[in-house]
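Beneath this line is the structure, given in structure tokens, with notes to follow.
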Amino acid sequence: MTKFISRLKDLSGKFNAGVSNEPVETPVGNKEEPVDTPIDGKEQDEGHADASRHRRELKRNLLRLKRFSTQELPKIVKKPFTGENPLHHQRRFWIGLGVGGGAIALLTAAWSLESSLPDTSDALTLMRPETLTIKASNNKILQQIGPATRETLKIDKIPKQLIQAFIAIEDRRFYKHQGVDYQGVLRAAFSNLIARDVVEGGSTITQQLARMVFLDQERSVWRKLKEVRTAQKIENENTKDQILERYLNLVYLGEGAYGVADAAWVYFSKPVYELTLSEMATLAAIPPAPNQYSPIKNPQVIKERRNLVLQQMQQAGFITAAEAEKAIADTLITKPSRPKRLERFAPYFTEYIQQELPKHVSPAAIKAGGLTVETTLKPEWQEAAEKAVIETVENSGRGQNFEQAALVALDPRTGEIRAMVGGKDFYKQQFNRVTQAQRQPGSTFKAFVYTTAMAAGFTPYRGYLDAPYKVDGYTPKNYSEEYRGWISMRDALIGSINTVAVKVLVDVGWDTVIDVAHKMGIESELKPTYSTALGASEVNLLELTSAYGTFATKGMHTKNYGIRRVLDRRGNVIYEAKFKPDRVLQEDTSAIMTWLLRGVVNEGTGRAAALDDRPVAGKTGTSDEARDLWFIGYIPQMVAGVWLGNDDNKPTWGASSTAAYTWNKFMAEVVKDIPVEKFPDRPTELEGRKAQLTIKPIKPKSIFSGSIISKNSDDDDTPRRSRSRRATDSDDSSSEETPRRRRYRTSSVQSSESAPRRRRRRSQEVQPQEESRPRYRRSRRQVSTNSQSQESSSNSSRRYRRSRRQASTSSQESAPVQRRSRRRASSDSTSSTAQPRRRRTYNSAPTAPRAPRRTADAAPPPAPPAARKEN
């Protein structure tokens, strides 16, 4: 080869020398100008002469190169391979060719190997592929999927003898080599040959770690070369203790156990620090063949392997002969337990997280695996929620005919889901009733109707007539099937009056209500119908609870979520929740609604939810035939919702107060660590507020209002109870209801000649235009809107009988009247004889003074005004 190259150089030199002196001949047929054409004599410019000279020189060189490539070069290349002793017949040619080619191939392979090696800088943090780890807000592992380690330990928390057992059997020269132990490879091969079995491995602990984290289990030379180089890189970048700690936390030890901590639990149901020397040696014996050396499946085989580990530990000087003998003599006793990595905490929530994950992470990242999902769940709250749900179903479900319950709690300020229970038993049925069940919310939806009215500038004291009502063929009915007459919006919400809610919907428009509900967090479709006011459109518990959180945050709404961050297998953040709150209600509207909803808890249908140490606001709800029982309540820092019912939509026998009680049991536990905060003060001016939105009132085609008909006969003289609501002023502007029994009337009245008070009639004519008339303060029962002169003849006969009875008592002025008829006599027939009756009052609370009653001759009262100021 050297001779050939030198000859090639000589020929090249001769060519250069020859072509410079020989004349250049133009080939025949060449139409180009002759190369020796003289320069035009007219060119006087020196620059033009130089350019022409360069062009001629270039043409000469091109012609020389063409002649060499077509005539001389073939002779130069062909000559060594022809003749008496051609080059390819010489041994040195082939030796040189083989050595050179081998060197090139080796360099190419080395370059390819190095370029294919993984980045080992994250060897200590990289997660295995095809795994998924879901963590709570405090980093507690909620669920693991795939070959993941549940419990990781620091090197100083792993017993020293356990470390020594692994080193003795797997890599005795661990602290002496740099990733690859060539002596160990030869020693292992010799030992296995003598024993005719695999008694010692040739791979070091570092090589095994490289295979676990970066490589697969493919059996090939290429994979082994990659393993060797990866192990060397890991050794160069990490300490021995770091490598050993990572290995002991990742090594697979059979029966679904990854790492020594998980294996100690799976085989012996104890932590590593309680393991005996014999048990430690047992764990160290498993890695070469986890299925074959399983202490549960093959106790005799693993016992022999354990004894070999103990002998190796003695030879390495880790234990004494006496310790080895004692450990060998120990009986191998296993106590199997379920792998901790298969345990699930908050299964409804983790299942929800897996469903939400594809919305934030690409399919390729999910397929690659190794993901760690950091969630918003608070384990302490989750435990309290599960306890409350289970106790409710067990204690009340059978008696009230419901089989399922669901509860969810959120932080309304951030939108984070803090607890979620989708049913009583996940492992029997995975259907999540928090996120997947679409149910009618019942009266809980009234909050959005009233919120729209408050945002439109309505006052909570605006009056509506609670009476039989039919609009465009739709007839709402109250749950109690009774009517109260004129009533304020506040009292209607506290008492959950259905007719008033529908009338408010008509005044503000269902399009406006639906828009407000969607802005507050309702994502399900809401239908523009009159029944929407009573919760006819189906929603799920999560969105309904999230929407109520808007009240707790002074009108700010943040979208609910359960995933804070997602990290890939290298620890890089590939998703992070960054939801910002939106202003959907003005603060005064939110404060008024909170005040109204506090009334529901303090004196309405939600009393069972009240907490002893802090204010609570919320609303109950019951769908048709009590198929769904709801309570959504909140404090300033937290909102929670409860649903009770049946999956097959069967009616229950319960009431929404059971849901409120479940809410109370849950909240009583979680608020222990939450400081007490007060709700914002209610605005002092309720009238004349500026509208914050434009309403679109409905224009019904037909409206029918009926009369309020009493259920009891007017002649029934049986004493009955009546209630009056006594308003009390407090810091939170709330009121409470004090029931009293009205029996007697005392002689201490405002005027000695005042007429006896007349009980208000239960029946009254409905006047659709009365809602716009001025409103006056009244008690719970309403007076008749028609004059006494328009009553029927039957009413006159009843007054005659009552006057006869009252006349018989006129001679006993001081004696109390024991029984009363439902209606009292008119003042014109009893003013001269009837004496005021005495009222028995309770000692627990003083009776509020009452205004004198109107006589029958007085004009009927005006209709309630649209609003009135708070005293």
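The table below gives the values:
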read-out: Under 17 Å from the Cα of LYS224 - lysines, other chains or at least 8 residues apart; value: LYS233
read-out: The range 229-316, dipole about Cα centre (Lys/Arg Cβ +1, Asp/Glu Cβ -1), debye to the nearest 20; value: 240
read-out: Restricting the range 641-681 to trypsin sites (Lys or Arg not before Pro) in coil, as DSSP defines it, with at most 12 other Cβ within 10 Å; value: LYS678
read-out: Gain on full stretching of the segment that runs from SER480 to ASP673 - 0.36 nm per residue minus C-alpha separation; value: 65.5 nm
read-out: Segments 161-172, 396-407 sorted - mean Cβ within 10 Å per residue, highest first; value: 161-172, 396-407
read-out: J(HN,Hα) series, the range 91-103, from Karplus relation 6.51 cos²θ - 1.76 cosθ + 1.60, nearest Hz, glycine and proline x; value: 5, 4, 4, 6, 5, x, 5, x, 5, x, x, x, 5
read-out: Net length gained if the chain between ASP156 and ASP624 were fully extended (0.36 nm per residue, minus Cα distance); value: 162.2 nm
read-out: Estimated D of the range 420-526 in µm² per second, where Rh is the Kirkwood radius over Cα pairs and Stokes-Einstein applies at 10 °C, 1.306 mPa s; value: 102
read-out: List LYS527, LYS503, ordered by accessible area with a 1.4 Å probe, largest first; value: LYS527, LYS503
read-out: FRET efficiency estimate (nearest 0.05) - Cβ-Cβ, THR125 to HIS54, R0 60 angstrom; value: 0.35
read-out: Chain lengthening between ASP216 and GLU72 when straightened (0.36 nm per residue, less Cα-Cα); value: 46.1 nm
read-out: Amide proton proximity set for GLY369, modelled H, under 5 Å, gap of 5+; value: GLU130
read-out: Residue among LEU248, SER269, VAL361 farthest towards the positive dipole end of the range 230-368, charges placed on Cβ; value: VAL361
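The values are calculated or read from the model by the stated rules, or taken from the named source; none is laboratory data. Everything numeric in this text was worked out from a predicted model, so none of it was measured. Please note: Cβ atoms are built from the backbone with ideal geometry, for glycine as well, and neighbour counts cover all protein chains shown. Accessible surface is based on the protein model in full, side chains and every heavy atom, while ligands, DNA and RNA are left aside. Shrake-Rupley method; radii C 1.70, N 1.55, O 1.52, S 1.80 Å.
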